[in-house]
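Colleague: Pasting a structure below so you can have a look.
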Amino acid sequence: MIASAPGKVIIFGEHSVVYGKHAVVSSIGWRCYVNVEKSGDFLITSEFGKTKLDFFGKHSYISYAVKRFSEIKKIRGAKITVKSEIPPDSGLGSSAAVTVATLSALNAEFEAGLSREDIFSLARSVEIDVQGIASGVDSFVSTYGGSWIIPERRRFKTNLEFGLVNSGEKSVTSEMVRRVADLKKEHPDIVNPILDAMDSIAVKGAKCLERNDLKEVKKLFRINQSLLRALGASTPKIDGIIADIEEKGFAAKITGAGGGGYILTTGYGDRISIGGEGVRIEDSEDWRISDNGQG
Ligand code: MEV
């Protein structure tokens, strides 16, 4: 069976969400597709190559997804094939999407009867297995799809348009989350107020998005980016790209863990459609997405 799951953007609240603060997140149109077929052995194939279960290499999220799934339903083996439209190490939730899609495809192929909430909960465990610390927000939005205010799990709608610009640098979530955690441990008196300010930005930001208040959203983007920069989540290259975008009259911030990856803008760059479907299941006969991963 094939399962697919969407990538995501964090509009407000990356990093602070790890510490229980609010986040405003949305799924995007780019998806990751995983085909699972019963087999006597494990074989994982993706754009990164072919491996068996590979916990510390190319396929860590998939391998841990199999491990977590096997704790619920024992399986002898599976042929797992991945095609993704979500660029890796981009801050756009490719790891959560491949995890959620793998768990959902295993669930469908082996008829384990897991609910969406079970899938989310297992995916969150996998994120923690691989990254050490994770809020689970990426897995949540990838499982359910749509636009959400976290932790309330309240859906929201906006007519505002967003764009993405690739920084060309890699964003490695585990490394960035650890870096912020270290800074917080070193300077709690400085970092905690920053996280509190990010919380207020997310709460206000959600309201501004709902009333389509572009002017306020741009202001909040700028403050949020400055605070993310203070936490060490920006880079000189990202700062330069954002300065150029600002000169054109837009606002921009990192989205996701930062240190690289994509920059979210108030309309400049590649337009993205936010919201849309969460997990989708298709029959393997429908394995019709082309080799370059475009649906
Ligand atoms: C990564 O997309 C978002 C972070 O807040 C980490 C997490 O929430 O687990 C940086």
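Colleague: Under the condition of being part of a loop (DSSP other than H, G, I, E, B) and within 16 Å of the ligand (Cβ to nearest atom), which residue from segment 158-185 is surrounded by the most Cβ atoms within 10 Å (Cβ to Cβ)?
Modeller: Only one residue fits best here, namely 171.
Colleague: Now for a separate question. Taking residue 29 as meeting all but one of (1) away from the ligand (no atom under 16 Å from the Cβ); (2) under 16 Å from the mean Cα position of the chain (by Cα); (3) crowded, with 24+ Cβ neighbours inside 10 Å, write down the number of the exception.
Modeller: So the condition that residue 29 fails would be (3).
Colleague: Suppose we filter segment 78-98 for residues that are on the phi > 0 side of the Ramachandran plot and surrounded by fewer than 22 Cβ atoms within 10 Å (Cβ to Cβ); how many remain?
Modeller: Matching residues across segment 78-98 total 1.
Colleague: Of everything in segment 132-142, what is out of contact with any Asp or Glu (no Cβ under 8 Å at 6 or more places or on another chain) and buried (at least 20 other Cβ atoms within 10 Å of the Cβ)? Give them in sequence order.
Modeller: Within segment 132-142, 135, 137, 140, 141, 142 meet the criteria.
Colleague: Take segment 186-200 and flag every residue that is over 23 Å from residue 265 (Cβ atoms), away from the ligand (no atom under 13 Å from the Cβ) and either touching a residue at least 24 places away in the same chain (Cβ under 8 Å) or not charged (D, E, K, R) (or both).
Modeller: If the condition is that a residue be over 23 Å from residue 265 (Cβ atoms), away from the ligand (no atom under 13 Å from the Cβ) and either touching a residue at least 24 places away in the same chain (Cβ under 8 Å) or not charged (D, E, K, R) (or both), then 187, 188, 190, 191, 192, 193, 196 are the ones that fit.
Colleague: Here are some conditions: (1) out of contact with any Phe, Trp or Tyr (no Cβ under 7 Å at 6 or more places or on another chain); (2) closer than 17 Å to residue 105 by Cα; (3) within 16 Å of the ligand (Cβ to nearest atom). Residue 17 meets all but one. Which one does it not meet?
Modeller: For residue 17, the exception is condition (2).
Colleague: Looking at this structure, is residue 124 at pLDDT 95 or above, among the basic types (Lys, Arg), assigned by TED's automatic domain parsing to the domain that holds residue 221 and farther than 22 Å from residue 45 by Cα?
Modeller: Against the criterion (at pLDDT 95 or above, among the basic types (Lys, Arg), assigned by TED's automatic domain parsing to the domain that holds residue 221 and farther than 22 Å from residue 45 by Cα), residue 124 does not qualify.
Colleague: Scan segment 116-124 and tell me whether some residue there is touching a residue at least 24 places away in the same chain (Cβ under 8 Å) and assigned to a loop (DSSP other than H, G, I, E, B).
Modeller: Looking for residues that are touching a residue at least 24 places away in the same chain (Cβ under 8 Å) and assigned to a loop (DSSP other than H, G, I, E, B), one finds none in segment 116-124, hence no.
Colleague: While we're looking at this one, here's another question. Is it the case that segment 132-144 has a residue that's assigned by TED's automatic domain parsing to the domain that holds residue 13, more than 9 Å from the ligand (Cβ to nearest atom) and acidic (Asp, Glu)?
Modeller: no
Colleague: Can you list the strands (runs of 3 or more DSSP E) lying wholly within segment 1-115 that have 3 or more residues being closer than 28 Å to residue 231 by Cβ, out of contact with any helix residue (DSSP H, G or I) (no Cβ under 6 Å at 6 or more places or on another chain) and in contact (Cβ under 8 Å) with a residue 40 or more places away in the chain?
Modeller: Counting at least 3 such residues, we get 2-12, 23-38.
The values are calculated or read from the model by the stated rules, or taken from the named source; none is laboratory data. Keep in mind that what you see is a predicted model, and the values were worked out from it rather than measured. All Cβ positions, glycine included, derive from the backbone under ideal geometry; neighbour counts span all protein chains shown.
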